[in-house]
1. Can you list the helices (runs of 4 or more DSSP H) lying wholly within the range 165-270 that have 3 or more residues being farther than 30 Å from Gly26 by Cα?
2. Mind listing just one residue for me: the one in the range 157-212 that is among the β-branched types (Val, Ile, Thr) and more than 28 Å from the chain's Cα centre (by Cα) and, of those, nearest to the ligand (Cβ to nearest atom)?
3. From Asp31, Asp79, grab the single residue that is within 16 Å of the ligand (Cβ to nearest atom) and not assigned by TED's automatic domain parsing to the domain that holds Trp266.
4. Quickly run through the range 163-187 and pick out the residues that are farther than 15 Å from Val243 by Cα and either surrounded by 15 or more Cβ atoms within 10 Å (Cβ to Cβ) or β-branched (Val, Ile, Thr) (or both).
5. On the given criteria, is Tyr139 open to solvent by less than 10 Å² (accessible area, probe 1.4 Å) and among the aromatic types (Phe, Trp, Tyr)?
6. Answer with yes or no whether Leu356 is over 28 Å from Leu190 (Cβ atoms) and in contact (Cβ under 8 Å) with a residue 12 or more places away in the chain.
7. As an exercise: evaluate Arg346 against (1) over 25 Å from Gly301 (Cβ atoms); (2) in contact with an Asp or Glu (Cβ under 9 Å, 6 or more places away or on another chain); (3) of a type in the set (D, E, K, R) and give the number of the one condition it does not meet.
8. Quick one: what pairs do we get from the range 246-275, first residue of a type outside the set (A, V, I, L, M), second part of a strand (DSSP E or B) and open to solvent by 20 Å² or more (accessible area, probe 1.4 Å), C-beta under 7 Å, 6+ apart or different chains?
Amino acid sequence: MKKVFLALAAAILAFASAQEINYITGNRGSDVDYATRKAQEYMADHPGVTINVIQGPESATDRAQQYLQFFEAQSGEVDLFEIDVIWPGDMAEHLVNLYDYAGYNEAAPDFFPAIVANNTVDGRLVGIPYFTDAGLLYYRQDLLDKYSLSVPTTWDELTAAAQTIQDGERAEGNPDFWGFVWQGNAYEGLTCDALEWVASNGGGEIVEVQEDGSKLITINNENAIAALEKAASWVGTISPNGVTGYQEEDAREVWQSGNAAFMRNWPYAYSLGNGEDSAVAGKFGVAALPMGSGEGARNAGTLGGWQLAVSKYSANPEVAADFALFLTNHENQLDNAITRSLLPTRTAVYEDQALLDSGSAFMAEFLPVFQGAVARPSTATAPNYLQASQYFFSAVHSVLTGEEDAETALALLELDLESLTGFPTAQ
Ligand code: GLC
């Protein structure tokens, strides 16, 4: 009788302490599989905790819209969110201050200070850096060798090399072969690619914070116009017409089936490209994206990356915060780096011998490229970044599809940004 009573009491206690959280992850590559594996590991060590993994939309733009719907309804349906590096300013009011939760004050100094600063809004840490990202150039080493070419360092070199390889491969009987694939759909990914073209051509960073802290709209300039004209010239020549509908996974599909000489993408495509089902495994390398030719030309990969953030409307914020800390600990960042080539946000992981001995060793070599990545103007335009980016990628998209010429598109964009932000323009 006593035994039964004890068992019953234990069951009641377990039920009372049972905690369930919903965690929304991405939809690219192995996002869901990895999140599920980590949730299982955590649950095995925390009986009474249930973590449900929800698959978010693939496009960052769609994901932001979905999150905002949860927030506007003050819904606790999702407890833990992966948020993009550009969202802290726009979403801060709906997220808890992680410094109020166990372990965060101790952990924060181990992460890249620039990302912690990015995720700190009015002194509140609204996201713990999960992984970072930077745009890279993927190139087919075997094809460069075949055509006696070297890795392009300028966009003009890339254009010429892509054309040479495309002509050669088509002549050899592959009509589906393309020179260069990238992200041209009208969404956040295009903001990333286009910022790279513009910034690398000396065309600035759309909206910039000046030394005195004031902000300036700089996008309407000659170098930016020239950069967009060049990108538009790729559509239908070295890139398929359909590139204006491509997101990351579309580009990766063409690349991984062996049908592109060059690809612009994030580091996640590295380990997938070397996977068993990939036609390009062992045949490619990565480099910094090319530079433009305008005055002030430089290498410019856009800074990306994801943070873990806990909803203010969650019924179990302690559990969500603790699971986020687990996902971002050294061991798991190492796992993410080695198995999925996602860039760690803890400095020490880059020096871990296990990383240096793995197929993801390129990360250590590229650390300067990643650290020099160009930020989108999310801090400068917060809390209106999502709208500012939408204006930007829509303007760029209209140039790529030939609906608008670059000069007109950027003049109109400047007006839109002016009325959205009230900031002055550069000229
Ligand atoms: C990657 C980046 C993210 C960016 C997105 C655009 O996920 O990490 O910062 O906004 O791509 O598609």
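The values are calculated or read from the model by the stated rules, or taken from the named source; none is laboratory data. Computed from a prediction, not measured in an experiment: that's the story for all the values here. Note: ideal-geometry Cβ built from the backbone for every residue, glycine included; neighbour counts use all protein chains shown. Protein only, heavy atoms only, side chains kept; ligands, DNA and RNA dropped before computing areas. Shrake-Rupley method; radii C 1.70, N 1.55, O 1.52, S 1.80 Å.
1. 222-234
2. Ile165
3. Asp31
4. Hits for the range 163-187 are Gln163, Thr164, Ile165, Gln166, Gly168, Glu169.
5. no
6. no
7. (1)
8. From residues that are of a type outside the set (A, V, I, L, M), the pairs are Asn259/Trp178; Phe262/Tyr139; Gly273/Phe284.
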